[in-house]
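The values are calculated or read from the model by the stated rules, or taken from the named source; none is laboratory data. This structure is a prediction, so every number in the text was calculated from the model and none was measured. Cβ placement follows ideal geometry from the backbone for every residue including glycine, while neighbour counts extend to all protein chains displayed.
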Amino acid sequence: VQAVGMPFGVNLVALDPQGKRAATKAHLTFTRTERSCTWTDVGARSFQRCDSSDKLMLERDIEIAAGGTHVERIFPTEPGDYVVRAEAKDAAGNPVSVASEIWVIGKGEAFWSGDEGDRMTLIASKPSYQVGDTARLVAQANMTSPTALITIERDGIIEARVKKLASASEGVELAIADAWAPNVYASVALVTGRRGAGDRNRPMFKMGMVELKVS
């Protein structure tokens with residue numbers, strides 16, 4: 001999980017079939033998944049249907065040296081769901097590629113999910129944290145101007161806070177406290193009121209939970 005306006009590094013290493021580092025040229029791309037949605041009215045209910053497409057945000061040719069790790073800096077300007085991909089050819093001319101999905105949170109609009117249910121996926125930026133780290137949480141919900149109830153739980157509620165978000169893509173950042181060791185569960189509940197007439201503007205509620213391991 002990364003943040004809008006904060007550059008991050010992509011570390012690249014090329015290996016031969018024996019696992020030894022090798023020099024190569026590669027093509028790097030950074031692609032954002034975009035979704036276009038339309039509403040369909042069926043009686044008193046409205047349903048959303050979305051189609052996805054890929055928008056190329058960055059591409060460049062790079063050279064990976066045999067003696068070390070190559071680092072490419074990427075500066076995301078919009079929140080959303082991204083894929084960073086590197087493509088190259090091996091010594092026999094066969095195409096090889098590697099890719100990783102990256103979630104970017106921050107100010108702006110991003111489409112995370114069109115699910116009609118009340119549950120949402122909550123993604124943490126790291127598998128584990130040290131005291132003093134900042135955990136970035138991606139709440140995968142397609143909601144505009146929600147109010148978030150954020151709770152830290154373990155055998156009861158340790159702390160709770162309420163935060164107004166411009167959109168769900170803004171994400172949630174939590175400073176890891178020493179009292180959270182060895183683990184806690186972060187819960188985020190998002191709610192919006194009615195935004196207008198009709199079923200498509202009805203109030204919305206989404207909730208998700210994720211474990212934060214602390215050492």
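Just to be sure, is residue 188 under 19 Å from residue 119 (Cα atoms), touching a Gly at 6+ places or on another chain (Cβ under 7 Å) and surrounded by 14 or more Cβ atoms within 10 Å (Cβ to Cβ)? Can you show your working first?
On the way: under 19 Å from residue 119 (Cα atoms): yes; touching a Gly at 6+ places or on another chain (Cβ under 7 Å): yes; surrounded by 14 or more Cβ atoms within 10 Å (Cβ to Cβ): yes.
In short, yes.
Please go through segment 76-96 and give me each residue that is in a strand (DSSP E or B), over 30 Å from residue 139 (Cβ atoms) and either without any contact (Cβ under 8 Å) to a residue 24 or more places away in the chain or touching a Leu at 6+ places or on another chain (Cβ under 7 Å) (or both), ordered by number. Give the steps one after another, and end with the answer.
First, the residues of segment 76-96 that are in a strand (DSSP E or B): 80-89, 95-96.
Now restrict to residues that are over 30 Å from residue 139 (Cβ atoms): 87-89, 95-96.
Within segment 76-96, 95, 96 qualify.
Tell me, yes or no, whether segment 58-74 has at least one residue that is within 29 Å of residue 127 (Cβ to Cβ) and either assigned by TED's automatic domain parsing to the domain that holds residue 136 or touching a Lys or Arg at 6+ places or on another chain (Cβ under 6 Å) (or both). So that I can check it myself, show each step before the final result.
Here is the first cut: in segment 58-74, the residues within 29 Å of residue 127 (Cβ to Cβ) are 58, 62, 64, 68-74.
Still in the running and either assigned by TED's automatic domain parsing to the domain that holds residue 136 or touching a Lys or Arg at 6+ places or on another chain (Cβ under 6 Å) (or both): none.
So far as segment 58-74 goes, no, none of its residues is within 29 Å of residue 127 (Cβ to Cβ) and either assigned by TED's automatic domain parsing to the domain that holds residue 136 or touching a Lys or Arg at 6+ places or on another chain (Cβ under 6 Å) (or both).
With the condition kept exactly as written, say whether any residue in segment 6-24 is surrounded by 11 or more Cβ atoms within 10 Å (Cβ to Cβ), touching a Lys or Arg at 6+ places or on another chain (Cβ under 7 Å) and of a type in the set (S, T, N, Q).
Among the residues of segment 6-24, not one is surrounded by 11 or more Cβ atoms within 10 Å (Cβ to Cβ), touching a Lys or Arg at 6+ places or on another chain (Cβ under 7 Å) and of a type in the set (S, T, N, Q), which makes the answer no.
Out of 32, 49, I need the residue that is under 25 Å from residue 171 (Cα atoms), at pLDDT below 85, out of contact with any helix residue (DSSP H, G or I) (no Cβ under 7 Å at 6 or more places or on another chain) and not assigned by TED's automatic domain parsing to the domain that holds residue 171. Which one? Explain how you work it out, then say what you get.
Values: 32 fails: at pLDDT below 85.
So the residue among 32, 49 that is under 25 Å from residue 171 (Cα atoms), at pLDDT below 85, out of contact with any helix residue (DSSP H, G or I) (no Cβ under 7 Å at 6 or more places or on another chain) and not assigned by TED's automatic domain parsing to the domain that holds residue 171 is 49.
Residue 169 is checked against (1) surrounded by 13 or more Cβ atoms within 10 Å (Cβ to Cβ); (2) part of a strand (DSSP E or B); (3) of a type in the set (Ser, Thr, Tyr) and fails just one. What number does that condition carry?
Failing condition for residue 169: (2).
Does at least one position in segment 28-36 carry a residue that is loosely packed, with under 11 Cβ neighbours inside 10 Å and over 18 Å from residue 86 (Cα atoms)?
Our first condition is that a residue be loosely packed, with under 11 Cβ neighbours inside 10 Å; within segment 28-36, this holds for 36.
Still in the list and also over 18 Å from residue 86 (Cα atoms): 36.
Yes.
Which residue, of 153, 159, is out of contact with any Leu (no Cβ under 8 Å at 6 or more places or on another chain), of a type in the set (Asp, Glu) and surrounded by 14 or more Cβ atoms within 10 Å (Cβ to Cβ)? Steps first, answer last, please.
Working: 159 fails: surrounded by 14 or more Cβ atoms within 10 Å (Cβ to Cβ).
When all the criteria are applied, what remains is 153.
From 121, 38, grab the single residue that is among the polar types (S, T, N, Q) and within 20 Å of residue 188 (Cβ to Cβ). I'd like the intermediate steps shown before the answer.
Numbers: 38 fails: within 20 Å of residue 188 (Cβ to Cβ).
From the options 121, 38, the qualifying one is 121.
I want to confirm something. Restricting to segment 139-166 and keeping residues that are assigned to a strand (DSSP E or B) and under 14 Å from the mean Cα position of the chain (by Cα), which single residue is modelled with the highest pLDDT?
As a first pass, look at segment 139-166 and keep what is assigned to a strand (DSSP E or B): 139-140, 144, 147-153, 157-164.
Filter once more, so that each one left must be under 14 Å from the mean Cα position of the chain (by Cα): 139-140.
Numbers: 139: 89, 140: 85.
Step by step, filter segment 139-166, then rank; the result is 139.
Of the conditions (1) part of a strand (DSSP E or B); (2) in contact with a Pro (Cβ under 9 Å, 6 or more places away or on another chain); (3) surrounded by 13 or more Cβ atoms within 10 Å (Cβ to Cβ), residue 73 satisfies every one except a single condition; which number is it?
(3)
Report whether or not residue 170 is closer than 25 Å to residue 4 by Cα, modelled with pLDDT under 90 and among the acidic types (Asp, Glu). Don't jump to the end; show me each part of the working.
On the way: closer than 25 Å to residue 4 by Cα: yes; modelled with pLDDT under 90: yes; among the acidic types (Asp, Glu): yes.
When the stated conditions are applied, residue 170 passes them.
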